[in-house]
Protein chains: 2
Amino acid sequence: MPVNLQVPAREALRPVPGVEIGTTMAGIRKANRRDLLVVRLPQGAAAAGVFTTNRFCAAPVRVCREHLASSGGAIRALVVNTGCANAGTGAAGVENARRSCDEVARLLGCAPQQVLPFSTGVILEHLPMDRLLAGVGAAVAGLGASDWLDAAEAIMTTDTLPKGASREVDAGGRRVVVTGIAKGSGMIRPNMATMLGYIATDAALPQPLLARWVREVADLSFNRVTVDGDTSTNDSLLLLASGASGVAIADDGAPGAAALKAAITEVAQELAQALARDGEGATKFITIEVERAASGAEAAAVAYSIAHSPLVKTAFFASDPNLGRILAAIGYAGIADLDVDRVDLYLDDVHVATRGGRHPAYREEDGQRVMRQAEIRVRVVLDRGEASTTVWTCDLSHDYVSINADYRS
Amino acid sequence: MPVNLQVPAREALRPVPGVEIGTTMAGIRKANRRDLLVVRLPQGAAAAGVFTTNRFCAAPVRVCREHLASSGGAIRALVVNTGCANAGTGAAGVENARRSCDEVARLLGCAPQQVLPFSTGVILEHLPMDRLLAGVGAAVAGLGASDWLDAAEAIMTTDTLPKGASREVDAGGRRVVVTGIAKGSGMIRPNMATMLGYIATDAALPQPLLARWVREVADLSFNRVTVDGDTSTNDSLLLLASGASGVAIADDGAPGAAALKAAITEVAQELAQALARDGEGATKFITIEVERAASGAEAAAVAYSIAHSPLVKTAFFASDPNLGRILAAIGYAGIADLDVDRVDLYLDDVHVATRGGRHPAYREEDGQRVMRQAEIRVRVVLDRGEASTTVWTCDLSHDYVSINADYRS
């Protein structure tokens, strides 16, 4: 059961002028489910992406990087399948990813380098190319309305519901739209989550600006969410600018640039939080704030140490204020000179530990009250400097084990 | 259910001449269970230890380090309680650990600095000093027979059974005994596991030699086992030499030194493997071998990345050969220049992946056959150098979640 997350209303996901969407049921892995998405962008559109840091990156990730470089980001289409990750598939997998792009390019009349391929699903299996190529034809035939809810459904794996978010921005007196979708609920961890994310705007942005923004936005959103600490082979976040609004954002100082970037960041954060809210087996949504660290990296190390601890996560699941487990996770976060006698811990408004030990006024029932909530904020004050960070995660439940034990069945 | 692990026969855990054991039911946390252990060593005995790397180390760990340093390892007694970790307890916790040592020293007629305190159990709670000090009196009154099975029972937390191992060695024509016990099944990860371990011999060793041996033995045993990646606040491994056999081992070249060190290592490895076999909720015992790495640290990083992956561990639990998850874990182990096209993966005798992709001859039913076994060997060949390592772990089951959700109830 996702935590405080609903299927977006179809009309809430605003169409992005210039961006066309087509989906189909290609039967990649299972029959009768939407599993293939083609996105068409207009002439003059720009795209930029960030991808998994996993060295076993999937074949489509390799091809994406190549095509973005060789086309200079002048992308005309995306092709995305769920059900098979096309990872751990060697040279044949790369060839299959290329063939998918070739087919889309042939049908749309663009260069193969202007098509980006994406896959998600089971690793170590080859794409069923007959079904995939037939599906590409069907999805292209259906291109038209910018229906982002259909697109969000077509990329789901163990997600319990489609994820999307949308904003409208006033950019120098003209309306610009930002709409994004994402998938992912397991094998989620920063750099990146097991996720595919696509955020589109109808503003026009030069590709170098788009490339910088997508990195900065990812660091404030998808790189701050974790479910199980497993970094996927296929993670990709794409930022697309169709230009169809006629609003051109040349640089950070352009009228509307700040508002547009803020809207993109909000959409990305809403999507990233949705991944944790719909984390496999999640029953709680946890926000971890680490304050007064000596550096951002140190703050992140502490936050992820807490967020990845199976013991902390099972305590959240059980609503058990066994909060010493959080102190233990802080202690093994790898800060060699951490002075634990300066560390304070809060659970929402409850002051649990001060100067490294149990707070004299802390009462079990106060911890218990917060632990029963569906949304919990953990706040750690290290008293070492001025850096801080926030990470979102979920608890570890019986259903996480069930979902991942049964994933392929 | 522990994997291929039984309660040791009482007679299999050989008494160590010179070492006396006393236990009692002190009611630290629960009534009617053995929860306090006192070990007495003779005049002239030596002790050395290795302790948790967690910065939130428990009060007894701080006091152990102090007392080992100030006494030069001339230790006369250990006092160990289960039920309360005395961690996250600030200055009052350190004072309580000292008071425990003071009481043992008073009763046994030695200096407080010659007593080492150990605690395991719930973090962020204070020791119940009245019950603990009364228990110390009872345990000291019961000192005598070197009954290691009683001792192993007295230090258990979520362990389903007591853990011990024993060897006899011919050291230059004279018999020397090595007996060890350990506890721990969750919050287990290298450097160190949430574990307490005590290994004693009746040989005589100078303290500096003992101190080097305990580090080397830990690196080949307890630092190679992981259950959930949580490094405890209380981990301690102690190596004790009573000298009662009259066999003196002055250095590594002494007659019997190699045999004795090998026996200590065997006992430590058997105990370390027992922790994983009795890992919380374990249904499978997994051995992960990483070969041909560029360095030992790199081999360990890959092995632990696999051993800590919740997705890999749930696949083992489900007997599901979803082996791409292992490739993904190799890929995010942090080796920046890993060439995945040189990586091979084996599951026992089954060649799963070669040169980074699915092996052409790999058949799902072969992977399925191995995954159904209670003991599974994962072998990764990186083809980058000559370093290798072995790590032991277990699967992640529903019972892990149940045990840790209910730990304090």
### Message
Restricting the calculation to Cα positions, tell me the Rg (one decimal) and the Dmax (whole number) of region B:10-277 in Å.
### Response
16.6, 50
## Note on the structure
Per its Cα gyration tensor (rounded if a/c is under 1.5, else prolate when a/b beats b/c, else oblate), region B:285-405 is best filed as oblate
### Task
For region A:133-139, just list the computed ³J(HN,Hα) in residue order, Karplus coefficients 6.51, -1.76 and 1.60, θ = phi - 60°, integers in Hz, with x standing in for Gly and Pro.
5, 4, x, 4, x, 5, 5
### Query
For the pair B:R33 and B:A138, how long in nm is the line joining their label points, each one 7 Å along Cα→Cβ?
1.5
### Query
With a ≥ b ≥ c the root eigenvalues of the C-alpha gyration tensor of the protein assembly as shown, is it rounded (a/c under 1.5), prolate (a/b larger than b/c) or oblate?
prolate
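Under 1.5 on a/c is rounded, so check that first for region B:51-205, then, if it is not, pick prolate when a/b is larger than b/c and oblate when it is not; a ≥ b ≥ c are the square roots of the alpha carbon gyration tensor eigenvalues.
Working: a/c = 1.56, a/b = 1.29, b/c = 1.21.
The shape class here is prolate.
Give the relative contact order (percent, whole number) for region A:285-405; include only Cα pairs under 8 Å separated by 6+ residues.
Details: 219 pairs, mean separation 57.7, N = 121.
Relative contact order comes out at 48 percent.
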#### Entry: Computed helical MRE - 222 nm, chain B, DSSP H runs ≥ 4 contributing -39500 (n - 2.57), nearest 500
-10000 deg cm²/dmol
### Cα-projected label distance for B:A294 with B:M25, points at 7 Å along beta-carbon direction, nm
5.8
### Query
Got the B:G142 label distances to the other copies yet, label 7 Å along Cα→Cβ, in nm, shortest first?
7.1
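Quick one: if the Förster radius is 25 Å, what FRET efficiency do A:A69 and A:E375 give, using the C-beta to C-beta distance and rounding to 0.05?
On the way: r = 41 Å, r/R0 = 1.66.
The pair A:A69/A:E375 has a calculated efficiency of 0.05.
Which whole number gives the average, over all residues in A:119-127, of C-beta atoms from other chains lying within 10 Å of the residue C-beta?
Numbers: counts 0, 0, 1, 3, 10, 17, 4, 2, 0.
The mean count of partner-chain Cβ atoms within 10 Å per residue comes to 4.
If you count the DSSP beta bridges with both ends in the protein assembly as shown, what percent of them are antiparallel, to the nearest 5?
On the way: 98 of 144 bridges.
Of those bridges, close to 70 percent are antiparallel.
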### Task
Run through the other copies and list how far each one's label point is from that of B:A31, in nm with one decimal, shortest first; the point sits 7 Å from Cα along Cα-Cβ.
6.4
### Task
Just rank A:D337, A:D147, B:D202, fewest to most, by other beta-carbon atoms within 10 angstrom.
A:D337, A:D147, B:D202
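What does the structure give for A:87-96 when I average, per residue, the other chain Cβ atoms found within 10 Å of the residue Cβ? Could the numbers behind the result be given before it?
Values: counts 6, 16, 5, 10, 4, 3, 3, 1, 0, 0.
Taking the mean over all residues of the peptide, I get 5.
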#### Entry: Ranked by how many other beta carbons lie within 10 Å on average, peptides A:210-222, A:247-259 from highest
A:210-222, A:247-259
#### Entry: Exercise: per-residue mean of other protein chain Cβ atoms within 10 Å, A:209-219
0
### Task
Run through the other copies and list how far each one's label point is from that of A:D219, in nm with one decimal, shortest first; the point sits 7 Å from Cα along Cα-Cβ.
3.7
### Query
For region B:21-83, what does the equivalent ellipsoid look like in terms of its semi-axes, each the square root of 5 times an eigenvalue of the Cα gyration tensor, given largest first in whole Å?
23, 18, 7
### Message
Need one number: nm distance between label points at A:L220 and B:E364, each 7 Å from Cα along Cα→Cβ, rounded to one decimal.
### Response
4.5
### Query
Can you give the angle from 0 to 90° between the axis of helix A:59-71 and the longest principal axis of chain A, with both taken from C-alpha atoms, to the nearest 10?
60
### Phi-based couplings in Hz for region A:79-90 (Karplus 6.51, -1.76, 1.60; Gly and Pro marked x)
10, 10, 10, 10, x, 8, 7, 6, 10, x, 10, x
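Every number here is computed from the coordinates shown, using simple stated rules; none is lab data. If you're wondering where the values come from, they're calculated on a predicted model, not measured in any experiment. So basically every Cβ, Gly included, is an ideal-geometry build from the backbone, and we count neighbours across all protein chains shown.
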